[in-house]
Amino acid sequence: ENEGAGAFNGKELPGVSRHSLVLGLNVRVTQSGHLALTHTWRSSAWAEEDLANAHNQKQRAYQSTDVSYRHQVGKQVELYGSVSNLFARKNGIWVGDDNIYPVNFERTWKLGARISF
């Protein structure tokens with residue numbers, strides 16, 4: 001670190017978790033269907049703007065469990081559905097003390113189709 005006359009030497013990079021873990025399971029439930037389950041966990045981190053690692057509040061640990069199903073219909077059509085943040089964990093990005101930007105904050109449903117021409 002060459003900025004700040006060495007004030008940030010030895011400090012942890014803000015907004016970057018020291019530990020993270022992603023577990024996934026993908027199961028073929030029928031000849032044309034796949035079910036996927038994933039869980040993402042990241043440890044707490046310093047707030048985004050806390051280069052000096054001195055703020056009172058830190059980024060909370062992040063967790064999200066996601067489930068999705070894909071089903072191939074013929075050669076050209078795939079239908080899918082997914083639920084992100086299945087357990088509705090209250091996730092966010094801490095920018096500073098009492099300054100939080102919600103990210104993946106609630107359960108989200110998605111339905112769609114992929115069509116190839």
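The values are calculated or read from the model by the stated rules, or taken from the named source; none is laboratory data. All figures in this text were calculated on a predicted structure; none of them were measured in a lab. Every residue, glycine as well, gets a Cβ built from its backbone with ideal geometry; the counts of neighbours run over all protein chains shown. Just so you know, the surface numbers come from the protein's heavy atoms only, side chains and all, with ligands and any DNA or RNA stripped out. Shrake-Rupley method; radii C 1.70, N 1.55, O 1.52, S 1.80 Å.
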Around residue 106, with a cut-off of 14 angstrom between Cβ atoms, what is the net charge of the other residues, counting Lys and Arg +1 and Asp and Glu -1?
+3
Tally Lys/Arg at +1 and Asp/Glu at -1 over every other residue whose Cβ is under 10 Å from the Cβ of residue 35; what's the total?
+2
Solvent-accessible area per residue for the chain at a 1.4 Å probe radius, Å²?
71 Å²
Cross-link reach from residue 58 to lysines, straight Cα distance under 25 Å and at least 8 residues apart if same chain, gives 11, 90
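Largest first, what is the accessible-area ranking of 115, 93 with a 1.4 Å probe? Don't jump to the answer; show the numbers that get you there.
Details: 115 100, 93 55 Å².
Accessible-area ranking of 115, 93, largest first: 115, 93.
Dipole size in debye (nearest 20) for region 2-61 around its Cα centre, Lys and Arg Cβ +1, Asp and Glu Cβ -1?
Details: 6 positive and 5 negative charges, 77 e Å.
My answer is approximately 380 debye.
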Antiparallel %, DSSP beta bridges [both residues in region 1-108], to 5
100 percent
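At 1.4 Å probe size, with the rest of the protein present, what percent of the exposed accessible area of the chain is carbon and sulfur atoms?
Summing carbon and sulfur atoms, their accessible area is 54 percent of the total for the chain.
Summing +1 for each Lys or Arg and -1 for each Asp or Glu, what net charge is found among the other residues whose Cβ lies under 10 Å from the Cβ of residue 91?
Working: positive: 42, 60, 89, 90; negative: 106.
So the environment of residue 91 carries a net charge of +3.
If you take the beta carbon distance between residue 87 and residue 111 as r and set R0 to 25 Å, what does 1/(1 + (r/R0)^6) give as a FRET efficiency, to the nearest 0.05?
Numbers: r = 20 Å, r/R0 = 0.79.
For residue 87 and residue 111, the calculated efficiency is 0.80.
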C-alpha center-to-center spacing [region 42-60, region 89-117] in angstrom
20 Å
Dimensions in Å of region 52-98 - Rg and Dmax from alpha carbons:
18.4, 57
Largest-first ordering by accessible area, 1.4 Å probe, given options 84, 64:
84, 64
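Quick one: putting +1 on the C-beta of Lys and Arg, -1 on the C-beta of Asp and Glu, what dipole do you get for region 1-105 around its Cα centre, in Debye to the nearest 20?
Numbers: 10 positive and 10 negative charges, 145 e Å.
Result for region 1-105 is approximately 700 debye, rounded to the nearest 20.
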Relative contact order for the chain: what percent, with Cα pairs under 8 Å and sequence separation of 6 or more?
21 percent
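How long are the three semi-axes of the equivalent ellipsoid of the chain, in whole Å, if each is the root of 5 times an eigenvalue of the C-alpha gyration tensor, listed from largest down? Walk me through the numbers before you get to the answer.
Working: eigenvalues 313, 42, 33 Å².
Each semi-axis is the square root of five times an eigenvalue, giving 40, 14, 13 Å.
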